[in-house]
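Working notes for the structure below.
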Amino acid sequence: MMYDGDGSADRGGFPLDLWDTNATIEKTDPNANDVGHDSADLLQELSQLAMEEVGNACGSDLPSVLLRVGSPFLFQMPCGYESIRTNNECDPRRDGDVSRNECVICNLVDLRRRNNAVRHYMGSMAQCRGGGGDALREAGAITALLRVLWRLIASKNGTNNSDCPPVALLPITKSEPILNGPAMMFDMENLCNNHLHLRSFDPSFGVVVVNELGASALDLAISCLGSLRDLSCGSALNRAAVLAWTPPSPARYDTQCIENGVHVLSAYVNRYDKFEWEDILYLKERESNTISPADGIDSKTPTDRGKRELRLLTNALGAIRNTSHSTPDVCQEFFNYGLVDLLVWRLTSDDTLKNTQPTTSMPSSSLPEASRPWREACFRAAGSLINLAEKCPDVAYRLGSNRRLIYLLIEAWGGASATVFDPNKTNKSTRGLPLLHLGLAAILCAVGNGALEGGLDDVMMQVLEKEKMRKRVAQTKEEERKRRQAKHK
C-alpha cells in the first residue's frame, strides 16, 4: 500500500461549482448586493476579465503559457509590461495614467488569470499523470508552480514584516496586529484608465477589493498545490524536480531560508504552526481597512477565508505526502528542514493524544470523526509521516518514540480495528488489515530497537505478527502456483 494519490473530486480544494469564477465571487462576498451598485459591478467585471484569458491562452504553446504563469506578479513588472494580458487591452501605461502594475484591479485580475491557466492545463489527475505529467515537467510546469507559491509566501526577512509584497497571502496571527497587510500597499483610489469607471468612494469598495485580492491569492495557491500534488503522484522525476528547484532570489519564511521546492512546501505547513484546526477554520475576512489584534480569529462561525485556508493546508499536506513517496533525498531534506516536528504537533496537539504507558488497545479513535472538515488533512499528514519514515531512518526513530502517535498512524493505515487487541480471540486470520506499509514497519522496527520506552506492546506486536502470517500465506500460495505450473508443462 502506498500513500501516493488522490481522486480529482476535490480538485484544487473546492467542489466544481466553486471553481466557476462567479461562484467563487459569491462565496467571497455573500452580501455583494448589499455593498452598493458599484461593488456589484466590480465583482461581475472581475469575473469576465479573468475568464477572457482562458480562451486566449488555449491557443498558445504550453511552455509559453507556463512561462507567463510563473513570471513575476504584475506589481513586480517594469512599467509597460504585463505577464498575462488579452489582445484587446490597451498599453499598460499612458501619459498621466496610473500604471497597470500599480492598479489593484489589474493585479487582482492577473492572479485570477494565472489561476485559470493552472486549472486549465493542470486541473486534473488525468492531465498530471503519465506522459502528460512528463510533458508538463519538460515544459516548465513544476518551476512555474513553485515560483508562484514562493512569491505568495516568501519575503526578504520573514513574515509580518514591512517588506511583505502587496500581492501575497494575508498573514495570520492570534495576537499581533497586521500593521500593513499586503493588499493595503495599493492605493485604492488610483486605478488605471481601463478600470477607472469601477472606482467608488463608498467605504465598502476598499473592503470588497481587499477581500477579493486575498481570496484570489488563496485560490491561486490552492490550485498550484493541488497540481503539484498530482504531478508528484507516480513520477520520481517530478518529485526530484521539486527538490532541485531553486528560487530566483534569496528569501525567507519565518526564520528559515527557502532554498528549494521542499522548503516551499514546508513553509505552507509552518504557516499554520500552533494554530488549532478550529483556529484556521474561523479566520476572519478583512472587514475594514485595518485589523486589530482581536480581529484575527472569529470563534463563532467558520468563514469563507477559513475554509480556503484549511483547503490550502490540506493540499499542501497532499503535495508533501506524494513528493515524499519513495524518494530518500526528498525525505531527508524534509526532516532536516523541521517538517516532521510540525506534522507531529499538528496530529498530536490534542491533550488526549499525549504519550501513555503500554496498552492492549486504544480507548477510542485518535483521528477526527467524519464530520470534522480537517479529517482529510489529518489523513494526509499521517500518510506524509509514514512515507517519510520509509526512506529516512531519522524520521522512523523520531516517530517511534511517541506511542500515541504510533497508534494514530496504525489507525490511519488499517482503521480503528487495527488498534484493538483481544487476547481471547483465537482467530488468527490476516483479513481486515491491508499490506503493512514499509514506513510503518520501519517505525515499529525503531520501537523494537529502543526508540520507545517499554518497547513493543500488544497492539504493535499484533500488527507485526499478522504481517508475518500474511507473508507465509503469500509464500505458500506462490509455491503452490509454481507446482501447478510445472505439472502442466
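Quick notes on this one:
- Search result, residues across the range 446-483 that are β-branched (Val, Ile, Thr) and touching a residue at least 12 places away in the same chain (Cβ under 8 Å): 447, 459, 463, 473
- When we screen 157, 161, 193 for residues that are open to solvent by 10 Å² or more (accessible area, probe 1.4 Å), at pLDDT below 75, among the polar types (S, T, N, Q) and over 18 Å from residue 259 (Cβ atoms), the only hit is 161.
- Among the residues here, residue 52 qualifies as at pLDDT below 65, open to solvent by 20 Å² or more (accessible area, probe 1.4 Å) and of a type in the set (D, E, K, R).
- Identity of the residue in the range 337-357, open to solvent by 70 Å² or more (accessible area, probe 1.4 Å) and modelled with pLDDT under 95, that ends up nearest to residue 270 (Cα to Cα): 350
- Residues in the range 296-309 that are buried (at least 22 other Cβ atoms within 10 Å of the Cβ) and either closer than 11 Å to residue 392 by Cβ or in contact with a helix residue (DSSP H, G or I) (Cβ under 6 Å, 6 or more places away or on another chain) (or both): 306, 308, 309.
- Selected residue [in contact with a strand residue (DSSP E or B) (Cβ under 8 Å, 6 or more places away or on another chain), in a helix (DSSP H, G or I) and either β-branched (Val, Ile, Thr) or modelled with pLDDT of 85 or more (or both)] from 447, 459: 459
- Any hit, the range 237-248, residues being of a type in the set (D, E, K, R), modelled with pLDDT of 95 or more and outside any helix (DSSP H, G or I): no
- Residue ID - surrounded by the most Cβ atoms within 10 Å (Cβ to Cβ), chosen from residues in the range 249-270 that are at pLDDT below 95 and charged (D, E, K, R): 252
- Of all residues in the range 113-142, exactly one satisfies the criterion of being over 30 Å from residue 213 (Cβ atoms) and in contact with a Ser or Thr (Cβ under 6 Å, 6 or more places away or on another chain), namely 133.
The values are calculated or read from the model by the stated rules, or taken from the named source; none is laboratory data. Just so it is clear, the model here is predicted, and its values are computed rather than measured. Glycine gets a Cβ as well: all are built from the backbone with ideal geometry, and neighbour counts include every protein chain shown. Heavy atoms of the whole protein, side chains included, go into the accessibility calculation; ligands, DNA and RNA do not. Shrake-Rupley method; radii C 1.70, N 1.55, O 1.52, S 1.80 Å.
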